[in-house]
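The values are calculated or read from the model by the stated rules, or taken from the named source; none is laboratory data. A quick note: this is a predicted structure, and the numbers were derived from the prediction, not measured. Glycine also receives a Cβ, built like all others from the backbone with ideal geometry; neighbour counts cover every protein chain displayed. The protein model used for the area step is the full one, side chains on, heavy atoms only, and it has no ligands, DNA or RNA in it. Shrake-Rupley method; radii C 1.70, N 1.55, O 1.52, S 1.80 Å.
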Amino acid sequence: MNNQDNTTKVWVSLEDLTQDANHVSASELEFPAHENHDESNHSDASRRDFLKYVGFGVGAATLASCEIPVKKAIPFLVKPEEIVPGIATYYASTFVKGSECLPILVKTREGRPIKIEGHPMAYAKGGTSARAQASVLELYDTDRLKSAGKVEMNKSGKPQVKEISWEEIDKEIISKLSVAKSIKIVSHSVISPSLLGAIELFKSKYSNTEHVQYEPFSNSCLLDANAQMFGNRVVPNYRFDIAKCIVAIECDFLGTWISPVEYAADYSKNRILSDEQIAQATKEMSVHVQMEAGMSLTGSNADHRILLKPSEYSSAVQMLFNEVAALTGNGTASSAQFSWKKATAAIKSAAKKLVENKGKSLVVCGINDLNIQKAVNGINIMLESYGSTILWTEYCKQRKENDESVSKLVAELGSADVVIIMDANPAFDMPAKAKAFSDAIKNLTKLGKLTLSLSSQMTDTAALCSHVAPDHNFLESWGDVNPKQGHFYLIQPTIKPLFKTRSIGQSFLTWAGAELMGDQPYYEFLKSNWKKNLLTAQDKYITVQAFWENVLHDGMLILSDASSEPKNFITLAVAADTNKTQNSTANTSNTDNKSANALDQSKLAASSLSSSGSNSKWEISLYETVNMGSGQYANNPWLQEMPDPVRRTTWDNFLSIPIEWDGDNNYKTPFGNLVDGDLVELTINDTKYTLPVIRQFGQHKNVLSVALGYGRDIAGKAGSKVGVNLFNSCDGFTYHITKVSEPKKVGHDDMFASVQMHHTYGLKNKNKEGKEINVDEQVLGHRGFQGSLTNRSVFFQSTASDLQKGVEDLKEKRKEYQYLNSKGLYPSREEVYTMGHWWAMSIDLNACVGCGACTVACMAENNVPVVGKFEVSKSHELTWLRIDRYFYGDEETPNTAYMPMMCQHCDNAPCENVCPVAATNHSSEGLNQMTYNRCIGTRYCANNCPFKVRRFNWLDYTSADIFPVNEVDMNRGMENDEYYTYMTDNLTRMVLNPDVTVRSRGVIEKCSFCVQRLQEAKLTAKVEGRRLRDGDVKVACQSACPTGAIVFGDRNDKESKVSKWMNSHRGYLALEEVNVRSSVTYLMKVVNKDSKFTA
Amino acid sequence: MTFTLSLRTLLASIFTIFTLQLAHSQDPKLGEALFKDNCASCHSRDMKKDMTGPALAGVEERWAKFPKEELYSWIRNSSGVLANSSLKSNSYVKGLYASYNNAVMTPFPSLKDEEIASLLLYIKNVAESGCAAPPCQDATAAAGAGSTTTETKKDESDNSTLIWVLIGLLAIATVLLGRYINSLKRMAQHKDGVHVEDEKSILQIILNPTVVKILIFAVVLFGGYTTVNNAIGLGRQQNYQPEQPIKFSHALHAGKHAIDCQYCHDGARRSKHSVIPATNTCMNCHTAVQNGPEHGTAEILKIYASSGFNPISNKTPQYGQYFKEAVNADERLEVYRKWLKEANKDNKNVTEAEINAQLNAAKPMIGKPINWVKIHNLPDHAYFNHAQHVTVGKVACQDCHGKVEEMAIVKQHAPLSMGWCVNCHRQTKVKFDENGYYNAKTATHKMYEQYHNEIKSGKRAGVTVEEIGGLECQKCHY
């Protein structure tokens, strides 16, 4: 794995570092045999059953072929003009779930939404997140609530809905509302101005109403700090694209914090280096310092990490404040002691870097503590960040939570008459208060009070309610969002509602007794809102007609002057804000006065911060994962199966435990010889938990981390009872716990589903003679083939200060490989490929933050099946695109690199030579083609693939054949024992991309470079009678990427972006030395690391 | 007497010559062609119904009181006649004009006198006979032609049978002759006193182990060959000709009326699917065309039922209206019954029972899309795109679908097998010069440039689909 000139160590996991014997022997096998790989276990079919099925199969096939089934072709009655069957239609809309939103384009085929793409004109610049990509599957979730009704328990104790018509339920609800003395509405932050308007109407009719907004991952103190210091209770507009020095304190802004897609797009601008910038790399690149306890996605991308116990955050922020104050002449420096010895020096270096970049630096903090947030604001004031990297125009309006009002709510809940819970699940995810909340709701329901859930799913909360009035999925409904000041986005329906659901807005309008206009009253309400408030505020469109048609077409309206945002539109939003803080827009003229005053406030806050950490030996840090959120995505199998980027685990949450290293090659955990997947028992805040462990690099030695959002009891077939829920053990709205016992091993999880050691390549070992060889090529190695080279180029990296040398070394190395390759037996067939199109991809490892949007986009685009936890534990996952994670550098705080790995479309492909039936072969356009209907499943190709990117369909994951025994129970071995097969249901199958074959059992599949998109783009060019232009083809992973890390195109077009990236000085081919001539160029990873940082 | 006779004969012959000449200048065939090209879009084809323009039956009688020239100039340029108040027919035309919502008839200034005469004759023929003589003749002629072609085909197949019979006879003759010669030889040998073995019977020869082995081998070989060949054909349905829910005749629409294929199948030029037209596409014509030549109202009623069209409406008699959704099936059926009676009042073949049958057939279609039976089914793992072939490749529909314009009931013409696709890709030349995609000046493709040069130098005549990669797996399978 190492590249020898670069003395820095590179490793994939602890097993790789220690050369664990089990792991080494397992890696020798292409298809490792697992302990639980027991076929007799798999199905109940005996040999006799097999014969029966064969007999029946042959008979059925014969009969079936005698009479061909009659297929019907049913045309439209009246064809809508914009729909042509076979051609995709795109609608501009917005993905919304809870307080999360992202402007998107929805691809529909024959009236079915099948894919989400980013909205190129929106603030996220066309990027998407894994959650947005996966959201289309939720529309077709078979567990969705299908009608309004009364919640009942069925015989097996599972909640179900007894249908009541909308007219009847409305009557019932209104009758209860009209006599209610206290009405509570509970929701996440509501970012829709029209929905807030509808709630306002509701409140004006029922004056006893209180609307409480909360967030499972609260930033309430950040809002409060801004309110108290700047009179603006919002998240300001952070400009990561301007910041040259970023210090993030326990803040996962690239993965989960507030608006990660937007931040990642901005952040990557200062991380990508062009060839011209190489000489000045240290200046051109931003410096990113992360202060945290466990490794977060953002932390893994940082140049420097400062390890802290969560209880030490206060003193660290205090020290950073004082250091910056001293350097900027605002106070005196102070020093503190930390459990990680290097922290003191590192914080000093961080402060120095911040001050060096004064005016272009940015400190962000995700800790929900008022004093810390005030101190951080103070640091930013001293660094003159306000007005440059932090703006009060176009500020973020996605967060409105208020922790205090939540405490008040829970206290008063017992006396409420009506509780309406919008798209939220407080009985599960209200930190520390979930239990109290669910008890109160249960009690109210028992007392015959109206407890109403508006969620479109049966959730832990809805199950306790008396009634449900389910909302549409966002792809079925009208709506709007106002995520930033002056930015307005529309949600428009892309399909007719599948079930008897109704939009929340219409429900509120109905109950408020508002005049309902037309067939779609909420649409009319929204339209009139927009016309009333936004038509005059904007200056682009003159007529009402032009205004509405254009905003509907674009799905958005951005006011040229954000501060001209109509006041009455905002007042609706602000009035709904329980805190009623005065929401004046701070303008630049009074910022100076305010900031002087604010600085005093923050000095006070900083001095009152505790200057020492807790004495507790173990602390728990709780975090949010990019796939599960606070649990609202639990029933989405795409997200469950998407590996957590940092830990590479699926279908579970884990206890991340630190690794101790004695300086030699001796690694252990603090709890003895634990291995990944061992079950431990520990007490957290007096509750006993049993969790599987994963040994994690970059983890503070006294800190254990667990993801929240797992362990939902009632989520649906896929999501129920996956992992362990810790929300109840939180100390209020904070995400670390100091009352933790020492974990003790109690067993091992046989279904440990981490994909880290699946499909790895390039690992090394020593043979019997002590000679170093490659593990996966051991057999070949004995015979001395070129393939047994131990010095293999997989991953290259450099630091910004050494970049020129790094680039020279790389050039030297590539020259050597190319020389070797020119002496090979296989002639280059370049003359063939240079004739026409020659498709290629380039990936900038510096831009890739590992967020995983591409992996889910690939699943959605290419009908890649989900296999379930049991199958993943057997290395049977089918993802065409995986993100390999590499650690390198210092073992204690290693740097991390993410390397998206998919079929490399080698022009000298080893898989093609070995296929006995030529099912995989090469096209003249440089594509490695896979022909499923020719494949007989020998798996020779997968054995011969040096990148391990070929996947075998072990079972019938998509129900393609007639034998139900081949189908896979996704819940096999899981606590949720409901029989659950994926893609066997006609509703779920509606998400399939009709242009891509659904593969059946027994064939190999792999990345096709989205050949359906290539063909489509070529056809469009031919129909228009023009040549193919660069950028006409965008493959699915490329278009999903928030940071633009992937480019794709024709390398024969010398002007194309991909050929420029391929010729970049940082460019290299993985395993170039084995002469496979791959088509994917990687651009070397560079970190802006200062060797004296911790000195 | 002779004189009178001869005079009569003379007169008669003159008259005959005259009428013949007249008939010559008034060619009903020419009239039919003219009518179809110019008049049929506004005037009813059976001349009996008012449409956009009035029913034309009896037009000459109506104009008898005015000079013939005025009718002719009315046909050529109606607004001229309307403007000229000095004409005798002026007041009549004005009334006519007003009763048709002041819609001006398209002027046809280039029509010659004899053409108009032909047109009028054709109108008269159709109006009187109910069936225009020439088209009827055409139909028989077409049928005749059809039968002749089948006969020729039969002849060809007869030939081959004949050859096989001849071969068989020759073979038998050869065997017989062989045996005869053999017997003669043996007799000769016997005569010469040479010892001759007993002659083997045919059965003995057949049961000879070598022959049995060869036979078994042949059976296995032949059996295997047939099995494989038939197995390959499994799932293919060449000549598949299912009954459709509506007896829609492509021969009538695409053939006789020469409606362009892509008028209805409008997806073919831009999409993967050619698209089966929505019912409202049918209604573009069938609001006006309410009676078909073959099935009368029976099949058209089904379209009305599906689309919700109300053929009886007071406001705009020629276009009718659509039912509101609230109007239920039974109410609609009553309207249809009324319409059927009205439309078929001249047709004695349509009895009450027949009307009931038509209504029953249409009932399940009310408000529902038409469930056509899909004829061309490709396997799911094969990708086919109509736009690629129709717009880019400029392939005629008939190349794959056969002469649909001659099919009363469509059947699958091509086998749709992979071999068939591949063969076509091997032989068909792409539109290399026409399409800008292959244009040498802009293409980054060296290959295209090379092909262009080779074409210029006469080295090659064109570029086949195969030569631009059209046989690679992932052009059709992904």
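Tabulated data for the structure shown
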item: Relative contact order, percent, chain B [alpha-carbon distance under 8 Å, six or more residues apart]; result: 13
item: Reachable aspartates and glutamates from A:Lys115, criterion Cα separation under 13 angstrom, eight or more residues apart if same chain; result: A:Glu138, A:Glu861, A:Asp995
item: Extension gain from B:Ala218 to B:Lys29, taking 0.36 nm per residue of separation minus the Cα-Cα distance; result: 61.8 nm
item: Estimated inter-spin distance, B:Leu203 and B:Asn230, nm [label 7 Å along Cα→Cβ]; result: 3.2
item: Length gained when the stretch A:Lys155-A:Glu742 is fully extended (0.36 nm per residue, less Cα-Cα span); result: 207.2 nm
item: Distance (nanometres) between label positions extended 7 Å along Cα→Cβ at A:Asn673 and B:Cys42; result: 10.0
item: Rg over Rh [alpha-carbon atoms, Kirkwood Rh] for the range B:277-365; result: 0.93
item: Cα-centred dipole magnitude for chain B, charges only on beta-carbon of K, R (+1) and D, E (-1), debye, nearest 20; result: 560
item: Exposure rank, largest accessible area first [A:Trp661, A:Trp340; 1.4 Å]; result: A:Trp661, A:Trp340
item: With DNA, RNA and ligands ignored, accessible area of A:Glu82 (1.4 Å probe; Å², nearest 10); result: 110
item: With all protein chains modelled, accessible area of A:Val151 [1.4 Å, Å²]; result: 20
item: Accessible surface, 1.4 Å probe, highest first, among residues A:Cys848, B:Cys424; result: B:Cys424, A:Cys848
item: Size of charge dipole - the range B:348-441 - debye, nearest 20, with Cβ of Lys, Arg +1 and Asp, Glu -1, no other charges; result: 180
item: Beta bridges per DSSP with both ends in the protein assembly as shown, % antiparallel, nearest 5; result: 65
item: Where N is the number of residues in chain A, Cα Rg divided by 2.2 N^0.38 Å; result: 0.92
item: Pairs of Cα atoms farther than 24 Å apart, the range A:93-210, %; result: 52
item: Sites B:His257 and A:Arg934 - FRET efficiency at Förster radius 41 Å, r taken between beta-carbons, to 0.05; result: 0.35
item: Rounded FRET efficiency, nearest 0.05, which uses the C-beta distance separating B:Leu333 from B:Glu61 and R0 of 30 Å; result: 0.15
item: Listed residues B:Phe35, A:Phe752 arranged by accessible area, highest first, probe 1.4 Å; result: A:Phe752, B:Phe35
item: Dipole magnitude of chain A, debye to nearest 20 (Cβ charges: Lys/Arg +1, Asp/Glu -1, about Cα centre); result: 680
item: Simple label model, 7 Å out from Cα along Cβ direction - A:Lys442 to A:Tyr826, nm; result: 6.4
item: The range B:417-478: relative contact order in percent, alpha carbon pairs under 8 Å with at least 6 residues between; result: 41
item: Pairwise FRET efficiency - B:Gln398 versus B:Ile172, Cβ, R0 = 41 Å, nearest 0.05; result: 0.35
item: Shape call, the range A:1024-1065: gyration tensor on alpha carbons, a/c limit 1.5; result: oblate
item: Extension gain from B:Ala103 to B:Ser457, taking 0.36 nm per residue of separation minus the Cα-Cα distance; result: 121.4 nm
item: Per-residue SASA entry for B:Tyr92, accessible area with 1.4 Å probe, Å² rounded to 10; result: 60
item: Relative contact order for the range A:476-528, counting Cα pairs under 8 Å that sit 6 or more residues apart, in percent; result: 31
